[in-house]
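The values are calculated or read from the model by the stated rules, or taken from the named source; none is laboratory data. Owing to the predicted nature of the structure, the values given are computational and were not obtained by experimental measurement. Note that we place each Cβ from the backbone using ideal geometry, even for glycine, and neighbour counts take in every protein chain shown. Keep in mind that these areas ignore ligands, DNA and RNA; they rest on the heavy atoms of the full protein, side chains included. Shrake-Rupley method; radii C 1.70, N 1.55, O 1.52, S 1.80 Å.
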Amino acid sequence: RISHSLILTFKHEMLRIFFVKCVIATTLFSSIPAFHQNVFSRHAIDFKCTYLNQRTQDVRERHVSSLRSSSSSESKEFSEKERMVKMLKNTILQTMAVSASLSLIPRDAKAKVYFDTDVYGDKELKIATVNKIKQKLRNAILQDVSIAPDLLKLAINDALGYNVITAEGGPDGSIVFEMDREENKGLEKALAVILSVKKELQRTNTVSLADLVAFGGAEALETVGGGRMTVQVGRFDAKAANPTTQLINWSSSSNSNRESVLNAFQSSGLDAREVVLLLGAVGEVDRVVTETLAANANAKKEVDEDDEEFEAQPFVPTTFGARDAIYGAKLGKGDFGVKYLRDLLRNKSSSDKFKEVLLEEAPVKAYVTKYVSNEPAFLKEVAEVYLKLTLLGEAYTTRNS
């Protein structure tokens, strides 16, 4: 006769082994960095589960043999059960050993800026999404030109969250969690514009905040005549503020400490040349916007009283004209260049808050002098350093990994 208790024991132990398999697979997969999960899932987990499959087969054969034997005694049944318990204990101990060894594998920094370049789909969908982003941002700038400098400053401070020593942080949109910091005071309006554009695009496109912040700074530069800026897409948004790092205090009411500004750039791996290019770009955007606002104010004074009776027309962006104006007209004369740096050297901007940073450090001043005498090099290298800025801490992944 077949022992009923032996059948129940067999079913119970099979469920136990299945449970152990699941624990092994979960533990192995969660104990390693995302970049290496595919490798381990193909080798480590398969190896361990193959080992358990063999164990399961051995147990099954023993039980079948026991079931076929009509003369099996209670003592033999107890011995079989005891053997099963020992086997499961050994398996669990081996599982714990494998998990412990995997926990010693170095992990990638959690705060890296991860990119998935295919997140917006194929090439055509990606181009369409980028065009929408640029058009929305250009429209926002043309409706309120005063936000252009702040969009660039917002992008710079978001990127300066990167720490070159720890390889943590970067242009990952974490600035949305850092607006209570003193350095970001005055940038609230620029962030509100970014969030508004994100909300509009979210109806049809999934766009990360980090990408919009990076594109915001680029579009500010292009709108004032800074040439074509290249921005990589596909950033994943940060879930919290970056570890404490030095940022630039852009507030006009504060006095910029020369050492703190230079340290903010250096801690992110940027040198004197890149300090001049980025601060020079911010100064130029500020200059063009200031001149544009002054010109608009003068033009408004000249409007006849009869014209003021007409109802204001809604803003309608234009997409006609030259290629560099495809997303709308440029601000003012669109004469982005080295006028800001030239005025600093000529002492025409004696009250500028970054004058000490740019002129009182010999290596930095040498680059100021170089670019003032070579404007084409300045225009070309601003685009290059902005791309570098928006790629600080980059690490690439795909949806499959």
- For Ile165, state whether it is open to solvent by 40 Å² or more (accessible area, probe 1.4 Å) and free of Cβ contacts under 8 Å to residues at least 24 places away in the same chain. no
- Message: If a residue must be of a type outside the set (D, E, K, R), free of Cβ contacts under 8 Å to residues at least 40 places away in the same chain, under 27 Å from Val113 (Cβ atoms) and open to solvent by 70 Å² or more (accessible area, probe 1.4 Å), how many such residues does the range 236-265 contain?
- Response: 1
- Item | Residues (under 14 Å from Phe115 (Cβ atoms) and of a type in the set (Asp, Glu)) located in the range 211-234 | Asp211
- Query: Is one or more of the residues making up the range 191-207 in contact with a helix residue (DSSP H, G or I) (Cβ under 8 Å, 6 or more places away or on another chain) and among the charged types (D, E, K, R)?
  - Reply: yes
- Item | Flag if Arg273 is surrounded by fewer than 19 Cβ atoms within 10 Å (Cβ to Cβ) and assigned to a helix (DSSP H, G or I) | yes
- Qualifying residue in the range 221-229 (condition: under 16 Å from the mean Cα position of the chain (by Cα) and more than 12 Å from Ile133 (Cβ to Cβ)): no
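Yes/no per residue for (1) in a loop (DSSP other than H, G, I, E, B); (2) among the hydrophobic types (A, V, I, L, M, F, W, C); (3) in contact with a Phe, Trp or Tyr (Cβ under 8 Å, 6 or more places away or on another chain); (4) closer than 19 Å to Ser208 by Cα:
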residue	(1), (2), (3), (4)
Arg138	no, no, yes, yes
Leu142	no, yes, yes, no
Ala148	no, yes, no, no
Leu152	no, yes, no, yes
Met179	yes, yes, no, yes
- Taking the options Lys153, Lys199, name whichever one is of a type in the set (Lys, Arg) and either buried (at least 19 other Cβ atoms within 10 Å of the Cβ) or touching an Asp or Glu at 6+ places or on another chain (Cβ under 9 Å) (or both). Lys153
